[in-house]
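Down below is the structure, laid out as structure tokens.
The values are calculated or read from the model by the stated rules, or taken from the named source; none is laboratory data. Values in this document were obtained by computation on a predicted structure and should not be read as measured data. Here the Cβ is made from the backbone with ideal geometry for all residues, glycine too, and neighbour counts use every protein chain on show. Each accessible area value is taken on the protein alone, full model and side chains, heavy atoms only, with ligands, DNA and RNA left out. Shrake-Rupley method; radii C 1.70, N 1.55, O 1.52, S 1.80 Å.
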Amino acid sequence: MSKVLILAEHDKGALKKVTLNTLAFARQYVAKFGGSYDFAVVGHNVGGVATALQGYGAGAIHVADHADLAHPIASAWGKVLADLAKSIGADVVTGPASTTGKDVLPRTAVRLGAGMASDIIALTDSGAFARPMWAGNLTGNVKISTANKVISVRASAFDAAEATGGSSPIQAFAADPALAGSRVKFVSFDGVQSTRPDLAEAAVVVAGGRGLKDKFGAITEPLADVLSAAIGASRAAVDDGFAPNDYQIGQTGKVVAPQLYFAIAISGAVQHLAGMKNSKVIVAINKNGDEPIFEVADYGLVADAFAVVPELTSQIKALRG
Amino acid sequence: MKILVSAKRVSDPNAKLAIAKDGKWIEGEVEYILNPFCENAIEAALQIAEANDGTETVAIGIGDDETARFIRQGALARGIDRGILVSAEEETIDSDLIARIYAGVVHRENPDIVLLGKQAIDGDSNQVGQLLAEYLGWPQATFASKIEVSDGKAVVTREVDGGLETLEVTLPAVITADLRLNEPRFASLAGIMKAKKKPFDELEIDDLDLENTETKVQVVGLVTPSGRKAGVLVKDVEELVQKLRSEARAI
Ligand SMILES: Cc1cc2nc3c(=O)[nH]c(=O)nc-3n(C[C@H](O)[C@H](O)[C@H](O)COP(=O)(O)OP(=O)(O)OC[C@H]3O[C@@H](n4cnc5c(N)ncnc54)[C@H](O)[C@@H]3O)c2cc1C
Ligand SMILES: Cc1cc2nc3c(=O)[nH]c(=O)nc-3n(C[C@H](O)[C@H](O)[C@H](O)COP(=O)(O)OP(=O)(O)OC[C@H]3O[C@@H](n4cnc5c(N)ncnc54)[C@H](O)[C@@H]3O)c2cc1C
């Protein structure tokens with residue numbers, strides 16, 4: 001029997017959907033090995049996050065609320081999460097492989113003497129954790145041989161879990177982060193302001209590459225507007241300053257698997273494919289028909305993006321009335 | 001000040017990978033390169049050293065004899081002062097053991113900063129820096145795109161979901177490099193010549209007083225994921241819209 005503790009991801013007091021993708025993994029794990037799952041909500045003034053999780057069948061929702069936890073300082077969060085796991089007897093700690101999860105969970109693993117599997121995409125029949133390696137060119141099935149286990153979950157590989165009703169109890173956990181975080185000071189956060197859906201949650205993603213140059217926004221935004229899409233970018237478009245770092249999709253950026261993905265003026269390097277090749281439908285628009293992006297695209301259009309994307313935008317707009 | 005920086009070799013990202021017979025790693029004629037993130041870490045170490053007189057820089061690689069070449073050519077030839085190779089049977093290491101080996105070296109060397117890559121492009125685990133920081137009880141600043149060191153502190157800008165976060169960490173600390181941190185320099189011919197004469201230590205894991213050398217995570221099998229098939233080319237926007245609507249039902 002296992003007890004799985006799920007680190008909830010939130011942003012300024014609002015639950016993030018990747019938590020529910022992680023829950024889907026936790027449910028699979030519990031279905032296979034038996035046991036139950038709890039949530040950990042770590043932060044400051046995060047009561048709303050706990051309430052939002054009450055209908056999802058957890059044994060309990062533990063809230064570690066402390067002013068020193070307001071920012072996800074890895075040493076502090078990692079300690080509190082490990083303390084909580086110990087106090088409730090959790091043998092598995094899991095969370096999304098977001099930048100917060102990647103930062104925090106390894107520290108928790110050390111404190112629990114646990115092995116950690118990163119960014120897993122499936123639980124195999126034999127109970128191994130499948131995870132992409134070599135930019136997703138190979139999948140490694142890994143086993144963790146320690147009694148305690150820490151697992152970060154690639155959200156795009158698991159459909160968000162549904163609510164099951166009921167009302168899980170909320171329990172306060174007396175968190176003691178002070179010492180662990182004392183040599184780190186939060187200075188500032190420079191956030192990307194956007195009214196668009198989150199890249200990780202969007203059903204449609206419009207991604208642009210270096211070929212769009214300083215027209216990156218002028219080309220991608222109108223199309224994203226008509227499709228209520230999130231905007232993504234290749235690393236080259238970010239490196240050249242046409243898009244913010246938060247937009248980067250790929251091996252070292254975000255991994256997405258929307259219903260519909262537009263790759264516009266993106267060549268399709270392995271590192272980019274690693275972040276989008278599990279999208280349901282891929283459309284490639286590129287003026288060079290020999291680019292590798294066409295090897296993964298369901299629909300390819302060999303054309304100048306500056307000419308065809310505005311036309312595509314207006315045709316879709318017309319369709320939608 | 002002293003900076004310990006990583007030099008890990010990885011297979012060329014564009015190489016066709018063959019799975020070894022035991023199914024646990026890759027084999028065959030693969031080209032190797034220095035892990036790109038280690039290149040950024042090395043460049044950052046050199047820049048910090050250039051800005052802070054009297055800073056010593058030490059590169060460390062864990063692996064077989066081949067790894068030594070990457071420490072020399074990738075790190076020492078660019079200007080890192082000395083190298084350390086920790087010999088390890090590569091089949092027997094996981095991220096956790098790598099982190100414990102680093103911790104063992106840190107206890108011998110007492111650096112102020114350990115600079116690693118945010119991930120290795122073969123294992124893609126993104127763990128070693130964080131594990132090491134916890135083993136040492138040090139603060140960490142991962143995914144760095146900017147580092148400023150002064151007065152025993154580092155102010156680090158980090159690439160995170162949603163934007164850029166800036167942290168101030170009190171040294172000693174672990175910092176992991178993201179790709180936009182800097183443009184790695186090339187080794188000069190003079191640098192390559194000098195590298196041959198720079199101090200180079202070879203250590204065995206046994207020299208490091210680790211509690212044990214057991215791994216916590218094992219690769220039990222590598223598989224090739226099922227690929228995507230190329231679809232169709234459409235002739236114009238109209239056909240694309242029509243296909244997306246009636247065939248894919250995506251708009
Ligand atoms: C360690 C490492 C990690 C990396 N991680 C990532 C990652 O996470 N994500 C990522 O994306 N990349 C990553 N990269 C970079 C990757 O290798 C490629 O360099 C990058 O993806 C290229 O971006 P691009 O396709 O926009 O640019 P390019 O390869 O330069 O392609 C530009 C494309 O635009 C097309 N084009 C130009 N003008 C037009 C036009 N008017 N109309 C239509 N098409 C046009 C061209 O035909 C070309 O195909 C990584 C690289 C390394 C070494
Ligand atoms: C059967 C088998 C065969 C293996 N063969 C090899 C092999 O041929 N070559 C090999 O290197 N590993 C090999 N490994 C080990 C495996 O690749 C390690 O997990 C890997 O070295 C660390 O990758 P990661 O994704 O866990 O690191 P990450 O956590 O993604 O790495 C983060 C950072 O840690 C540092 N780092 C990681 N590994 C090293 C290192 N070895 N030396 C110095 N710094 C490092 C780098 O700065 C890197 O950017 C093998 C493992 C198995 C099970």
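Of the peptides A:62-68, A:143-149, how do they stack up when ordered by the mean number of other Cβ atoms within 10 Å, highest first?
Numbers: A:62-68: 19.9, A:143-149: 18.1.
In descending order of packing, they fall as A:62-68, A:143-149.
I want the local charge near B:Asn40. Using Cβ-Cβ distances under 10 Å, sum +1 for each Lys or Arg and -1 for each Asp or Glu among the other residues. My count for the surroundings of B:Asn40 gives -2. Mean sequence separation of contacting Cα pairs (under 8 Å, at least six apart), scaled by the length of chain A, corresponds to a relative contact order of 15 percent. Buried by at least 50 Å² relative to the chain on its own: which residues of the range B:114-135 qualify, computing accessible area with a 1.4 Å probe on protein heavy atoms? The answer is B:Asp124, B:Gln127, B:Glu134. Other residues with beta-carbon under 13 Å from the beta-carbon of B:Lys16 carry, at +1 per Lys or Arg and -1 per Asp or Glu, a net charge of -4.
For A:Gln171, the amide hydrogen comes within under 5 Å of the amide hydrogens of A:Ile61, A:His62, A:Val63, counting only partners 5 or more places away or on other chains and with H modelled in the peptide plane. At q = 0.17 Å⁻¹, what log₁₀ I(q)/I(0) does a Debye calculation on the Cα points of the range B:2-247 give, no solvent, two decimals? Those come out to -1.28, one per q.
Quick one: putting +1 on the C-beta of Lys and Arg, -1 on the C-beta of Asp and Glu, what dipole do you get for the range A:2-172 around its Cα centre, in Debye to the nearest 20? List each step's numbers first, then the result.
Numbers: 15 positive and 12 negative charges, 67 e Å.
Here the range A:2-172 has a charge dipole of around 320 debye.
Take peptide A:188-194, look around each residue's Cβ out to 10 angstrom, count Cβ atoms belonging to other protein chains, and average those counts.
Partner Cβ neighbours, averaged per residue: 5.
Relative to the longest principal axis of the Cα atoms of chain A, the long axis of helix A:18-33 makes an angle of roughly 60 degrees.
A loss of 40 Å² or more of accessible area (1.4 Å probe, protein heavy atoms, ligands and nucleic acids excluded) relative to the isolated chain is seen in these residues of the range B:164-206: B:Leu164, B:Glu165, B:Thr166, B:Leu167, B:Glu168, B:Leu179, B:Arg180.
In terms of its C-alpha gyration tensor, the range A:204-319 comes out rounded, because the ratio a/c of the largest to the smallest axis stays below 1.5. Mind running the shape call on the range A:232-294? Use the C-alpha gyration tensor, a ≥ b ≥ c as the square roots of the eigenvalues: rounded below 1.5 for a/c, prolate if a/b tops b/c, oblate otherwise. In terms of gyration-tensor shape, oblate.
Put a dot 7 Å past the Cα of A:Lys32, heading toward its Cβ, do the same for A:Ala172, and the two dots end up 3.8 nm apart. Once backbone amide H atoms are built at 1.01 Å from N, A:Ile6 has A:Asp38, A:Phe39, A:Ala40, A:Thr94 as its partners under 5 Å, excluding neighbours fewer than 5 places away on the same chain. Size descriptors for the protein assembly as shown (Cα atoms only): Rg and Dmax, in that order, 23.5, 73 Å. Checking the a/c ratio against 1.5 first, then a/b against b/c, what shape does the Cα gyration tensor give for the range A:51-140? Taking the square roots of the gyration eigenvalues as a ≥ b ≥ c, the range A:51-140 is prolate. 3J(HN,Hα) along the range B:216-228: 9, 10, 10, 7, 9, x, 9, 9, 8, x, 5, x, 9 Hz, from the Karplus curve 6.51 cos²θ - 1.76 cosθ + 1.60 with θ = phi - 60°, whole Hz, x for Gly and Pro. Amide H contacts under 5 Å for B:Arg158: B:Ser145, B:Glu165, B:Thr166, B:Leu167, restricted to partners 5 or more places along the chain or on a different chain, H placed in the peptide plane at 1.01 Å from N.
To check you understand DSSP bridge types, tell me what percent of the beta bridges within the protein assembly as shown (both residues inside) are antiparallel, rounded to 5.
On the way: 41 of 118 bridges.
Counting only bridges with both partners in the protein assembly as shown, antiparallel ones make up about 35 percent.
For the range B:124-233, the residue among B:Val174, B:Ser145, B:Met193 whose Cα projects farthest onto the positive side of the dipole built from Cβ charges is B:Met193.
Between helix A:99-112 and chain A, what is the angle of the helix's C-alpha long axis to the longest principal axis, kept within 0 to 90° and rounded to the nearest 10? Rounded to the nearest ten degrees, it is 30.
The C-alpha atoms of chain A define a longest principal axis, and helix A:74-88 lies at about 50 degrees to it.
Counted residue by residue at 0.36 nm each, then reduced by the alpha carbon distance between them, the extension gain from A:Asp239 to A:Ala218 reaches 5.7 nm. A simple rule links phi to the HN-Hα coupling: the Karplus curve 6.51 cos²θ - 1.76 cosθ + 1.60 with θ = phi - 60°, which for the range B:137-150 gives x, 9, x, 9, 9, 8, 6, 6, 10, 7, 9, 10, 10, 6 Hz, with x for Gly and Pro. Here the Gaussian network model covers chain B, with springs between Cα atoms less than 10 Å apart; of B:Leu132, B:Leu179, B:Leu222, B:Leu222 fluctuates the most. Of the solvent-accessible surface of the protein assembly as shown, computed with a 1.4 Å probe and all protein chains present, 48% belongs to carbon and sulfur. For the range A:1-88, the solvent-accessible area with a 1.4 angstrom probe is 33 square angstrom per residue.
Remark: accessible area buried at the B-A interface is about 6700 Å², both chains counted, probe radius 1.4 Å. Across all directions of projection, what mean area in square nanometres is found for the Cα convex hull of the range A:145-276? Approximately 13.1 nm², given one-decimal rounding.
Give the accessible surface of the range B:2-247 per residue, rounded to a whole number of Å², with probe radius 1.4 Å and ligands, DNA and RNA excluded.
For the range B:2-247, the per-residue accessible area is 45 Å².
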